[in-house]
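The values are calculated or read from the model by the stated rules, or taken from the named source; none is laboratory data. Keep in mind it's a predicted model, so treat the numbers as computed, not measured. Cβ placement follows ideal geometry from the backbone for every residue including glycine, while neighbour counts extend to all protein chains displayed.
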Amino acid sequence: MEQSETESTAESERKRLVRGKIHVGFAALGTLASVFGIGIAIIGGINYDQTKVLVGVGIIVVSTILYVSMLFVAAGD
């Protein structure tokens, strides 16, 4: 009985660790996408292209939402 409890504890710890790494990965992806969106918005502003500016702002908003949601979601859930 102790061995099965130890295995289930180890398995749950491994799952928690993987979820934590996934959250960190998504947060990093959100940050990098935001930088990409800033770059698009700046290039659009330099070229006086309103469409590129709006696309860049859209990418910034979506990536910021992704980043913030990863901060507030508990890794254990």
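Observations
- Failed condition for His23, given (1) in contact with a Lys or Arg (Cβ under 9 Å, 6 or more places away or on another chain); (2) modelled with pLDDT under 85: (1)
- In segment 63-75 there is at least one residue that is in a helix (DSSP H, G or I), surrounded by 11 or more Cβ atoms within 10 Å (Cβ to Cβ), small (Gly, Ala, Ser) and at pLDDT 85 or above.
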